[in-house]
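Written below as structure tokens is the structure these notes are about.
What follows draws every value from the coordinates through simple rules; no lab data is involved. Bear in mind that the values here come from a model prediction, so they are computed numbers and not experimental data. Counting neighbours? That spans all protein chains shown, and the Cβs are built from the backbone with ideal geometry, glycine included.
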Amino acid sequence: MKRVLTIAGSDSGGGAGIQADLKTITVLGGYGTSVITALTAQNTLGVQAVQMVPVEFIREQMDSVLSDIGTDAAKTGMLGTGQIVRAVARGIRDHRVELLVVDPVMVAKSGDPLLSQEAVEALRDELLPLAHVATPNLPEAERLAGIKVKGLEDMEKAARRIRAMGPRYVVVKGGHLEGGEAVDLLFDGESAHLFPGPRLSSRNTHGTGCTFSAALATFLAQGEPLPQAVARAKEFITRAIATGIAVGRGCGPTNPYSEVLRWKEREAVLHELRRALERLQGAALGRLIPEVRSNLGYALPGAADFQEVAAVPGRISQVGERILVCREPSFGASRHIARVILAAMRHDPQVRSAMNIRYSPEVMDACRRAGLTLARFDRREEPKEVKEREGSTLEWGTDRAISALGKVPDAIWDEGDVGKEPMVRILGRGPMEVVTKLIAVGKGGAPWQG
């Protein structure tokens, strides 16, 4: 078990700071130790009061932990004042901590300032030169680099300027940029490397930077090379945001426990998918299977990629009216249906299942009689750059149909294109709901009771 030290402020609400760091380090298999730099009276609505810890006591905490337990990696968070920054830098030098992640926390999620101008200068002059990697978000990168950051070119320019201050690597986090993806940029001194991720619509994002930097420090302590550590930390925080915890009346925290809970959830997803497939096989619906065959998928809560979506390997087939499911469902079995589900989840995280069926005017009439809400997209309107990107059509089409309707419908259809079969995709919160809708359609439009 690798040792990971967090040097940061205490969040009485438990969503950020020391509390978020120790949760993250623990669920990732590290042994967490701490040096508390500040006490905050804080909740999901904001920071009500701050009490800085005396500098001498911060030094004593560092000496106590590092002289006995030591550490394999460390991270810093809220430091507050120039005196504290300098004291922490001195402790890092004295105890020869090599793997240091500096998260230059300047402003709380609520907008409350957490770092004075004097402390920013001390950070530049004394702490950043000791960092293995610095992880500023966009506002922090702007303040450190002294430039406005509006896009990827500006992110790289800011990263170059920050690296000139001493850290070996710089990760500029792009969560504040507009667009469909949240792209982080790693600058290694020679070139920039991009780490894209889905932009998730959630207000439960308190502690995002703390959780990311704590995960990064833990992966570095465990021996991961920096690029792989950044990629894993990005995946970790994406899941933590996707499954954020709705507590309080304001901005709730991210969920570091998603890493542990998803293994239990995998079994629940597979079990529910098996039940739905059994019900599907008991219905005489073979006529709804298209020429390219079908698949029924079900995603983990907060799924980030197709490996977190379970489906049937080899697809679902039919003989006459009999539906054939020849293999057990497994994760990562279908990129096609996964793209539909993942695109829908970006609009509504509760819609985690889908199945594709045959398109025909009769099927569309049955969908309407069943009371299903419908949306469509036209493959002929697909942008050239999307067509050229392998496997992007379904993601683009699903997003386009949902955006046009203003909500996630029960079914999305298209009339195909050259070499592409027309298709209907039934959506639902779970596979049993999808199969129930499908049975209603198969009965000629018996009203579906949602």
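Note on region 3-256: Cα convex hull, mean projected area over all directions, 11.6 nm². Note on Arg389/Lys420: beta-carbon distance plugged into 1/(1 + (r/R0)^6) with R0 of 22 Å gives a FRET efficiency of 0.90.
Roughly what angle does helix 431-442 make with the longest principal axis of the chain, taking Cα atoms, 0 to 90 degrees, to the nearest 10? Helix 431-442 sits at roughly 20 degrees to that axis. Give me the aspartates and glutamates in straight-line cross-link reach of Lys234: C-alpha distance below 13 Å, same-chain residues under 8 apart excluded. The qualifying aspartates and glutamates are Glu181, Asp184, Glu259, Asp305.
In this calculation the C-beta distance from Asp305 to Arg368 is compared with R0 = 25 Å, giving a FRET efficiency of 0.15.
Label-to-label distance for His271 and Gln350 is 2.2 nm, based on points extended 7 Å past Cα in the beta-carbon direction. Evaluated with a Cβ-only charge set (Lys, Arg +1; Asp, Glu -1), region 3-256 carries a dipole of roughly 400 debye about its Cα centre, given to the nearest 20.
The gain in end-to-end length when the Ser360 to Leu152 segment is fully stretched comes to 70.4 nm, 0.36 nm per residue minus the alpha carbon separation. Seen against the Cα atoms of the chain and their longest principal axis, helix 226-242 is set at about 60 degrees. Summing Cβ point charges (Lys, Arg +1; Asp, Glu -1) relative to the Cα centre of the chain gives a dipole of roughly 1140 debye. Backbone N atoms of region 303-320 closer than 17 Å to the 7 Å Cα→Cβ label point of Arg429 belong to residues 303.
Computed over neighbours whose Cβ is under 10 Å from that of Asn43, the net charge equals 0, Lys and Arg +1, Asp and Glu -1. Taking 0.36 nm per residue of separation and subtracting the Cα-Cα distance, full extension of the segment from Arg249 to Glu56 would add 65.8 nm.
Ordering Ser116, Ser294 from the fewest to the most neighbouring beta carbons within 10 Å gives Ser116, Ser294. Between Ala74, Gly252, Val101, the Cα set farthest toward the positive side of the dipole of region 3-256 (charges on each charged residue's Cβ, about the Cα centre) is that of Gly252.
Note on P(r) over Cα pairs in 20 Å bins from 0, in percent: of the candidates (i) 22, 49, 25, 4, 0; (ii) 24, 46, 25, 5; (iii) 21, 45, 29, 5, 0, the value calculated from this structure sits at (ii). Label-to-label distance, Glu291 versus Arg93, with points set 7 angstrom from Cα along the beta-carbon direction: 7.4 nm. The label point for Asp125 and the one for Ala49, both projected 7 Å from the Cα toward the Cβ, are 3.3 nm apart.
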